[in-house]
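Encoded as structure tokens, the structure appears first; notes follow it.
The values are calculated or read from the model by the stated rules, or taken from the named source; none is laboratory data. Predicted, not measured: the structure shown is a model, and the values here were computed from it. Don't worry about glycine lacking a Cβ; one is built from the backbone with ideal geometry, like all the others, and counts go over all protein chains shown. Just so you know, the surface numbers come from the protein's heavy atoms only, side chains and all, with ligands and any DNA or RNA stripped out. Shrake-Rupley method; radii C 1.70, N 1.55, O 1.52, S 1.80 Å.
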Amino acid sequence: MLELVQLSHLIAVSKHSTISAAAESLHLSQPALTRSLQRLEAELGVALFDRKRNRAVLNEVGAMAVAQAQGVLNAVTDMAAELRQYAARLSTISIGSCGPAPMWDLAAELAERFPDRALSTELGDTESLIEGLNRGSYRLILTDHPVEQPGLLCRKYTQEQLCVALPPDHPMSSRASLRLEELGEASVLAYRDLGVWKHIPEKNPRLHYLVQSDRATLSELVEASSLPCISSNLTAFRFLGRSNRVRVPLSDAEASVTFYLCARESDRALFELLC
């Protein structure tokens with residue numbers, strides 16, 4: 001049976017011109033390499049060398065065999081790389097989302113259901129996420145609108161409503177709702193990675209946003225200060241902790257988003273488990 005190592009031996013002879021030089025590069029004895037090449041010729045049923053007094057030279061069939069052998073080895077290398085990538089994909093659940101909070105919820109649910117799987121998360125805009133899902137960069141994505149494409153599954157996942165977390169003695173804490181511009185020039189705490197909410201600050205550019213990149217730090221600041229905090233129905237338990245805060249919903253039209261979970265048809269089992 002033809003072996004891959006025999007093909008690599010043939011390529012080495014082509015590269016180094018002589019069997020002796022090839023044997024030296026392969027750390028083999030010349031007789032061992034010669035026997036390997038003879039077995040290859042027997043397996044293929046053709047002569048690959050013109051043998052002349054103490055020397056074997058690749059003939060035209062041998063030259064063609066070298067090209068074919070290189071193609072076979074390249075294909076095997078590519079196959080191994082693709083299989084490793086596929087195995088990594090099966091053992092890692094990659095999530096892309098246009099909003100941070102639903103991504104955290106989805107990741108928490110997946111971690112509970114699949115404690116032996118690695119998780120990766122990434123924020124991005126919806127169109128880039130859809131492209132990434134089609135490429136296989138993500139197994140699941142959360143978008144801000146329904147996705148209707150052949151081969152993709154999509155269902156409503158959750159809805160997020162932004163609010164402002166206020167101390168009970170704040171003048172607006174008893175309000176049923178408020179608009180962001182009503183906060184005037186106040187200083188407010190907010191999480192850095194807003195994702196789909198990145199345009200919200202434009203609703204009131206007079207606000208002074210004290211942006212935090214670490215969720216734990218943000219929670220500590222909420223506990224220790226009386227500053228308003230931009231929160232939502234999905235982030236309240238993370239950022240407010242046990243602090244005595246009142247959440248007042250924002251009535252701005254842009255302050256409410258419905259998120260949709262999408263997956264490829266090949267991941268239907270995973271998708272159905274979550275929807």
Name every residue in region 170-195 that is of a type outside the set (Ser, Thr, Tyr) and in contact with a Ser or Thr (Cβ under 8 Å, 6 or more places away or on another chain), in order of residue number.
His170, Leu178, Arg179, Leu189, Arg192, Asp193, Gly195
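Tell me, yes or no, whether region 185-192 has at least one residue that is loosely packed, with under 13 Cβ neighbours inside 10 Å, touching a His at 6+ places or on another chain (Cβ under 6 Å) and of a type outside the set (D, E, K, R).
yes
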Glu181 is checked against (1) within 29 Å of Ala269 (Cα to Cα); (2) charged (D, E, K, R); (3) surrounded by fewer than 17 Cβ atoms within 10 Å (Cβ to Cβ) and fails just one. What number does that condition carry?
(1)
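Search region 9-41 for residues being among the charged types (D, E, K, R) and at pLDDT 90 or above, and hand back the single one that is farthest from the chain's Cα centre (by Cα). Step through it out loud before you land on a result.
Restricting attention to region 9-41, the residues satisfying the condition of being among the charged types (D, E, K, R) are 15, 24, 35, 39, 41.
Next, from what is left, pick out any that are at pLDDT 90 or above: 15, 35, 39.
Numbers: Lys15: 40, Arg35: 48, Arg39: 46 Å.
Looking at residues that are among the charged types (D, E, K, R) and at pLDDT 90 or above, I get Arg35.
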Under the condition of being touching a residue at least 24 places away in the same chain (Cβ under 8 Å) and part of a helix (DSSP H, G or I), which residue from region 36-56 is surrounded by the fewest Cβ atoms within 10 Å (Cβ to Cβ)?
Glu43
Can you find, within region 4-20, the residue that is most open to solvent (accessible area, probe 1.4 Å) among those that are on the phi < 0 side of the Ramachandran plot and without any contact (Cβ under 8 Å) to a residue 12 or more places away in the chain?
Lys15
Take region 21-35 and flag every residue that is open to solvent by less than 70 Å² (accessible area, probe 1.4 Å) and in a helix (DSSP H, G or I).
Ala21, Ala22, Ala23, Ser25, Leu26, Ala32, Leu33, Thr34
